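Structure first, then comments.
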Amino acid sequence: MEAAASLIIDPVKEFVKSAFYYKEYLNNLQSKVQDSLLKLQKDVKGEVNLARDNGNVIHDAVQHWIVKVDEVRDEVAELTRQAGQINSSLRGWRSARYRLGTKSQKMIVIVEELLGEGRSFGSVSNRALVPPRVAEHFDTFASREATKKEVIQALTDDKTNLIGVFGFGGVGKTTLTKEVVEKLKLFDKVVLVTVSQNPDLKGIQREIAENLDMKIEEDAMQIRARRLSKRLKQEKSILLILDDVRTTLELAEVGIIPCGDDQNTCKVLITSRNLDVCHSMETTKNIEVQGLSERDSLELFLRKVGGVDCNALRKMSEDIVNECEGLPFAILAFARALRDKDEAAWPDMVKQIRKSLFRGISLFDGLQRKVQNDLVRLETDVKAKVDLARNNGDVIHQVVEQWLENVDKVRNEMKELHNEAREINHPFKGRHSACYRLGEESEKKVVVIGELLVEGRRFSSASNPAPVPPRVGEHFDAFASREATKNEVIQALMDDKTNLIGIYGMGGVGKTTLMKEIRKQVEETKLFDKVVFATVSQNLDLRGIQTQIAESLGMRIEGESIEAKAARLLARLKQEKNILLILDDFWTRLELSDVGIDLDEVSCKVIITSRRLDVCNSMKTTKNMKSTKNIEVKVLSNKDSLELFRQEVGDVDSDVLRKRSEEIANECGGLPLAIVTLARTLRNKDKRFWDAVIQQLKKSMCGGMSSVNASIKLSYDFLETSETKLCFLLCALFPEDHKITMDALVGYAMGEDLLGEVETLSEARGNLHIMVDTLVCSGLLLKREDDKFLGGEYKEFFMMHDIVRDAAISIARENRNESIMSAGLGLQKWPKLKEPGKCLRLSLMSNDICKVPADTLECSQLVTLSLAKNRSLADIPDGFFEGMKRLATLDWSNIGIEYLPQSLSSLNNCLRSLYLDHCIHLKDISLIGNLKTLEILSLKGGTGISSWRLPEEISGLTNLKMLNLSNYRWNLTKCDIPPNVISRLSSLEELYMLGSFRGWEMEGTGNNASLAEVASLTNLTSLYLEIANTKLLSTDFGPCHHWEKLQKFGIRVGDAVRDITPKSERYVSLSTISADSFPVAAWVNVLMETTYDLDLDLEKCEGLKNVLQLNPKGRRFYNLKSLEISNSGEMEYVVNVEEQVPETMFPNLEVLKLKFMKELKAIWNGPFLERSFEKLKVLEIYECFLPSLSWTRLQNLEEIEIGGCRKLEKVFEDGPASIFKLRSIKLWCLPGLTSIWEGAVPLIRLENLKILSVDNCPSLKSRHLFPSVAFAQRFQQLEVLTVWRCKSFIKLIAEEAEGMEIKSSPIFCNLKELQIRDCQPPIFSNLKKLEILRCNGLNYLFQIRILQGLLQLEEFTVTDCNEMEELFECEECQEEEDGIITIRLPHLRILFLWNLARLSSFFCHQKRLPHVLLECPSLEKLDINDCPNLKRLPFGTQSTPKLEKFLIKDNQWFERLEWDDQSVKSQLQQRLCDQMEELFEFEECQEEEDGSMAIRFPRLRFLSLWKLPALTSFFSHRRKLPYILDCPSLKELEISECPNLKRLPFGPRSTPKLEKFQIDNDEWFERLEVHDPSVMAQLQQLLPVRVLRF
């Protein structure tokens, strides 16, 4: 009944409503028409009239809209008339009103649609340069005949397949071409396509296909191109005309191959305004279309303008034609406008037309006003903000800096346009065309400037407060109250009786920072050979600790049990002689032996840090126990607290704030973490803000909150945005001491909708960076850098201090049950959730949970879930996700599941980020294909299948923006990629596949994906791939110009390598490429032009003479920063500009390495180009032919290393260059080198040199390394001096009388008098390391006064100098009262004298001089071997207080030494170290059949012999027959610093499993004796690849 009533009542209600409210409807309609629609029509008509005056073509839609508006206007007038005639007394008035009301309502809808359509018109017209009705036949004029014949001849010539027709815009190229083609009918089919300025390749393909009656619907460019090419081959005679080509167009990318290539039967004709475009497309014939002659121009004008009767109009016609300069486009514009106009109208019309023709000038003027009035003013405002921020020491937002760069770029482009506009104001041929182009460019710039204005006006701030510089925030241990603690730790480390040190103190007091400073100091002073730092944390993770230690030692211990890892670590640590382990943040007792550290077996020292003394005591580190020590880190003093606060908070102007500083610093209780956090919050804030913070701080502390937690809570509360606050809380989801990467956090942030309305992943990362930087600047996050760069995952990461994390968890708990953060607590069971329906984020990372609830979890609001690193979790119920309908982020990395639960598919409309990294047991991931909203998918580390195939279902993830399949574990799981999967991921922005897949194929040739699929992904910004097939280098597979916007990439082509980590964010490596790999295809060109690092291994590459052949059409490696070329047998020049003349080459290159290039004649050949190599810093050349070097324009060079170049005679040639920044020179194995320093002055500035190494340069003519003392004094900054195997040297420094080999410009030419008295500047005053090896001509090193200046010397080594009798030559020196000369070397730590057969004394006495005493207060190691004639050591009783080791080989020699004080002999005798000559003593053993002796170690896996200078043999034996050592399990053998070991006791089958053989001396290896020569060959194959020194 209700339904029936409704059917009756509703129409009646509608009738009554329309009948009684018709006036209201009509009035509303009239108002909309009069006030809105007609006004809009007036504006549109105004634009239309202007466009018509300019000769433009009005859009059909616009004209139709104007007509429709007129119709609506008339209808509304009619409705108004009808309304006036309605009278209620007349019959039918109700029906009339109803009809009027209904009609008005409908008309209102139509008016709204028209208003919407009219407002959407971006423009109302297109330009019509030459109206078709008048432009078609001007080619019949005489001045066109020659050009027309030339085109006809080219079209009929069988040898001409690609023709270029060029000329000014508007000169008639298109019209002439059409006339020729249409009249002659030379081809069965002609296809004309307009290309224009921004080529739309798909549009071009579509237009050609339509003309050929075919359809192309595929998305992939290469597929479309192949189909089109196949179709064109079917045509017998076809001409393709590509009209108005403005930039180089790759025809192959479209599918066009001219007939000359024997593939297609078509000819191609292109028209362009620029001859360079024709050349770039390699046209076989180019024809210029010039302007009409004056006669033909006038004839064309008169023909089109109509009858011109009077003389005045005739004269005006001639003037107009002359102004048009023969351009039909301009002539026709005038003629059409003046046609049928009387004489009086001509002057005004001519002015109007000129204005239209020179519209470009007016557009440019408008553009200039927009730049000056809007953009420059905005730039000034933004720069003011930036300058103020920089003055305050703040960090400028990257987006702001980029905006300023873009504005600067626009300004430079405006200068170019201004020059063009200035030229247009002067008459020249093509003026009209130039003006037209100026207008086009101006219109584009208006759009760009508009975007910049919108972006710039959005900047509410330009910066964040800067993180405090490391000297303040990270090094507060430099304060006085820290110095004593630091010294106490150093003393404990130097104490031989202490091997375990406990550092304790309350949280936030600075223990970790102090340890980092200790580590830095220990490494700088070389107190230990190696320092290892590992973090322990609250939840003990033995595997994690072992992995940290192993990685620091260069080991890999993946996939083993904890016990096995401990055994391997212990074995490795036993090989270290002097190592320090720092284990940070202990919370409970830990058995070090469980990790692999046994202090009874390992000669290392260990530092642990903890908040509690009882933890240190439990580790047996009490003060009363031998070999242990505990040290407390106390809070800062009030003075140091205030100083730290002031450094962190920055400059404080008012006295009031200075007083507040003291108050706040005191409230922080001397805890650096609290001080730093609060200071950064207050940085650059006003007094009111300070008062609010102090009030809140006191309130929190009165409530029982500690000063640290109160300061952290305050910093959190005063964060400006809720998004930044949530970002802070998200970081607390990760476990304590976790290294949080941007890649990990961005997925969590996107799932929480934290990053705003972003369209791209790159934009999301940018927003996240701003939040993270804000947290770092606030002291709530710590930014760190790793020492690794893993394919696209930058080494930068950030961490939370454990106290800050605790505070974040406490803050999260205030919003009850919203966030459950239980990461790293050692949980073994799933926790009970009190109110699961309210939980938004749940983190159970890094626990030991092995089972999840069987019942469905009703977590209807859950957004983020992380179960990562619960390795025992192997089974998830199928219904697990049924109650999680909002889940957006799921992290299941490093768990043990084999199959994904079926309910994962229920997240198809919500899940955005999925991490399944290192799920090595996972067998099937096809369910992921159902997750249509997924944007981030990470599968790093492979799956549980030895060779798995990416499921085809993945292709359904059309919203996916990041796919990570990287696998950096060598020889573990690899994957295959089926065809047509990658190409369907159309939204993909980041693709990481290093280490997982190398089998990319040519399209359609196999069962795997092709590179063409990757090329079809137009949104990519990050790309990391390995490619096995080198033929793909020269294979084009479709357009790839969009790869120019790749921000990060790593591409390896060629042989597989173990180390696949890219060297930088943009890296290309081409190895074992063949001759058919170049010239490289367009996709390689794009990458090489944007890469920072390029490695070329040319071992199998024939015919490549220089790198330009690889990239003949490129921009000359404009962005390249590092270039390495190796193994080339044919390359003669890196760059040969005599063959090709580019604009510049390598303008940003910083590192150049050339290795094993047999035919290399020079780096550069031909005239030097501006800016080439101007930024080069490092030059390394190994084993190259290279007869000479040129240093032109290498003014920024800092490091030179040249080795194995046998033809090189001189290093430095005279030239115009000036190398002022050079700090390192290394020269080795240069048998042809005759001079080092000739030409060096004034070429280089020796004063900045820090490292000088000369090795095995036997042909040097000079008898001295330094030709004079004065010359040696130039080396003021020299720190390391190494001289090896230079037989010609008799002294390092020549006397002044012996002259100099170098040439330099004369100085002080007119000096008449110069007096210098008592001025002897020190030589080598910064030298830290001096090594002299195998310089058999040296008699002594240098004079004693030079030795006295070596105040920074730390290491001094002299070995194998057969002629050396004394180390230093004595001269007149200052004596002490007792007649002794004392020379002090305060920093010398190591002194080695080896194999100096004739050495008799440290000092040579030319005449009777007092005794010389050498004081070395820091000397730790003294090693003197094979110096049989040395009679005296120049030490006194106090000379070597820190000496720990005194190594000698011959005890009898020691007994023969002469002593002035026998107590010195006693002191040294206590430091003598036994010299091991054999490992095992000989005794009777079982002999083999051949008489050899066999000894078997069946389980030995590691053998290391290190620093055994006296060792000559494994066994002491008195028999002639050899001994054999069988080690069937041996995997690693290391022999270092065992110079006298003569024999290795191995046979051909002794070490079948040996994988690694490491030595430190190639010449020692060549001298070895073995029982069987095949053993040497086996061992040589295992030696690491290195640059051999001859």
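The table that follows gives values for the structure above.
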read-out	value
Simple spin-label estimate for Gln234 and Leu1472 in nanometres, 7 Å along Cα-Cβ	9.9
Trp948 - accessible surface, heavy atoms, 1.4 Å probe, Å² rounded to 10	20
Anisotropy class of segment 954-1056 from Cα gyration tensor, a/c 1.5 cut	rounded
Label-point separation, Leu570 to Lys183 (7 Å along Cα→Cβ), nm	10.0
Segment Thr248-Gln368, extension gain: residue separation times 0.36 nm, minus the distance between their alpha carbons	40.2 nm
Gain in span if fully extended, Asp855 to Gln828, counting 0.36 nm per residue against the direct Cα distance	7.9 nm
Area of His59 that stays accessible when all protein chains are in place (1.4 Å probe, Å², to 10)	50
Dimensions (Å) - segment 858-933, Cα atoms, principal axes, largest first	28, 21, 20
For segment 159-231: relative contact order, % (alpha-carbon pairs under 8 angstrom, 6 or more apart)	17
Relative packing of 671-683, 235-247, 522-534, 1028-1040, which averages over residues the other C-beta atoms within 10 Å, highest first	671-683, 1028-1040, 235-247, 522-534
Summed residue charge, Cβ within 11 Å of Gln538's Cβ, Lys/Arg positive, Asp/Glu negative	-4
Arg1499, Arg998, ranked by accessible area, largest first (probe 1.4 Å)	Arg1499, Arg998
Spin-label pair Thr721/Lys1153, simplified geometry with 7 Å Cα→Cβ offset, distance in nm	4.2
Cross-link table Lys1031/Lys1158; Lys385/Lys1221; Lys739/Lys1329; Lys159/Lys236; Lys1250/Lys1421; Lys148/Lys304, entries beyond 27 Å C-alpha to C-alpha	Lys385/Lys1221; Lys739/Lys1329
Ranked order, Asp875, Asp1097, Asp296 - accessible area, probe 1.4 Å, largest first	Asp875, Asp1097, Asp296
Segment 507-548 pair-distance distribution - Cα-Cα, 10 Å bins, rounded %	25, 41, 32, 2
Residue order for Val109, Val595 - accessible surface, 1.4 angstrom probe, largest first	Val109, Val595
Rounded to the nearest 10 Å², the accessible area of Glu663 at probe 1.4 Å	60
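The values are calculated or read from the model by the stated rules, or taken from the named source; none is laboratory data. Keep in mind that this is a model prediction, so the values were computed, not measured. So basically every Cβ, Gly included, is an ideal-geometry build from the backbone, and we count neighbours across all protein chains shown. Accessible surface areas use protein heavy atoms only, side chains included; no ligands, DNA or RNA. Shrake-Rupley method; radii C 1.70, N 1.55, O 1.52, S 1.80 Å.
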